[in-house]
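Only one structure is covered here, and it is reproduced in the block below.
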Ligand SMILES: Nc1ncnc2c1ncn2[C@@H]1O[C@H](COP(=O)(O)OP(=O)(O)OP(=O)(O)O)[C@@H](O)[C@H]1O
């Protein structure tokens, strides 16, 4: 994904919100965007998401994009299931796949019993779950989360944390804004700050090898891609030893347990640090 010389203002004569922004991000990144209120974080995500057009410069984002806006319009004339099905179709899924993924995320967020409720009658928290679900079901190449955790209960926040990590580990690029400075702190691969219309690298999050790791011994066939991109060592008895940073271990274990066919997990142990 690449932004080149991007500027944005909302109308002729209006102040520039962003100017001369260059950004080059690779798949697999989990990127935090920070900045003061009104600095232009949402504007940046909207440009990447194709929701707003750049005033100057070019925005090149390959693949499928999914976006959770800061504010979800609650007055949409759909129930949750119909809305997710439609969004799934817009994301390019077949009707059957859209239905399968909609049901999966409604269930994961614990609102399957409200799938037929009109969105305007759902609580704010449930509505936010639907807003998040529509983006997750896309399994997008670029996932944009604009304060998507706000309004979610703790369980749903954790689920979204894991889903974001999984998307990045699965080769997606995730950009997120959140007021909690610790949001995905252990998992983020880079941070950028929007300031005075410019985008400034706030430093890559160091992975100096000193982070705790987890070792998982499995048997059975493994997919090519796994959350956390674990190091793999073939064992003499045909099993495989997977070694991942601990922050990816939940996502990895879930993926192993829910894979088709599910892998057989023989042991899970703390690994080396440093
Ligand atoms: N559709 C719009 N029309 C006019 N001005 C807008 C529009 N959207 C945003 N702005 C203005 O652009 C500036 C940046 O807004 P933006 O929402 O991108 O900032 P932000 O960093 O995400 O802010 P916050 O942290 O408060 O959500 C603000 O001054 C805002 O008023």
Simple label model, 7 Å out from Cα along Cβ direction - residue 267 to residue 117, nm: 4.7 nm
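With the cut-off at 1.5 for a/c, could you classify the stretch 123-227 from its C-alpha gyration tensor as rounded, prolate or oblate?
Working: a/c = 1.77, a/b = 1.15, b/c = 1.54.
Oblate.
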The helix 249-258 Cα axis meets the longest alpha-carbon principal axis of the chain at an angle in degrees, between 0 and 90 and rounded to 10, of 70 degrees
Given labels modelled 7 Å from the Cα in the Cβ direction, how far is it in nm from residue 154 to residue 231? 3.5 nm
What is the calculated FRET efficiency for residue 257 to residue 16, with r their C-beta to C-beta distance and R₀ = 51 Å, to the nearest 0.05? 0.55
Hey, for a label at residue 196 modelled as a point 7 Å past Cα toward Cβ, could you say which residues of the stretch 1-30 have their backbone N under 20 Å away? 5-9, 15-23
Compute the projected area of the convex hull of the Cα atoms of the chain, averaged over all viewing directions, and report it in nm² to one decimal place. 15.6 nm²
Here P(r) for the stretch 45-204, Cα-Cα distances in 10 Å bins, as whole percents, is 10, 39, 36, 13, 2
I'd like the antiparallel share, as a percent to the nearest 5, of DSSP beta bridges with both residues in the chain. 65 percent
Run the numbers on the chain and let me know its relative contact order in percent, using alpha-carbon pairs under 8 Å that are six or more apart. 20 percent
Using alpha carbon centers only, the stretch 23-87 is separated from the stretch 241-274 by a whole-angstrom value of 31 Å
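In terms of the Cα gyration tensor, with a ≥ b ≥ c the square roots of its eigenvalues, is the stretch 213-274 rounded because a/c is under 1.5, prolate because a/b exceeds b/c, or oblate?
Values: a/c = 1.73, a/b = 1.20, b/c = 1.45.
Oblate, since a/c reaches 1.5 and b/c is not below a/b.
Pull up the DSSP beta bridges for the stretch 45-204 and report the antiparallel fraction as a percent, rounded to 5. Intermediate results must be reported in sequence, preceding the final value.
Numbers: 6 of 15 bridges.
Among the beta bridges of the stretch 45-204, antiparallel pairing accounts for roughly 40 percent.
No value in this document is a laboratory result; all are computed from the given coordinates. Remember, it's a predicted structure, so these values are computed and weren't measured experimentally. In this analysis, Cβ positions are derived from the backbone assuming ideal geometry, glycine residues included, and neighbour counts consider all displayed protein chains.
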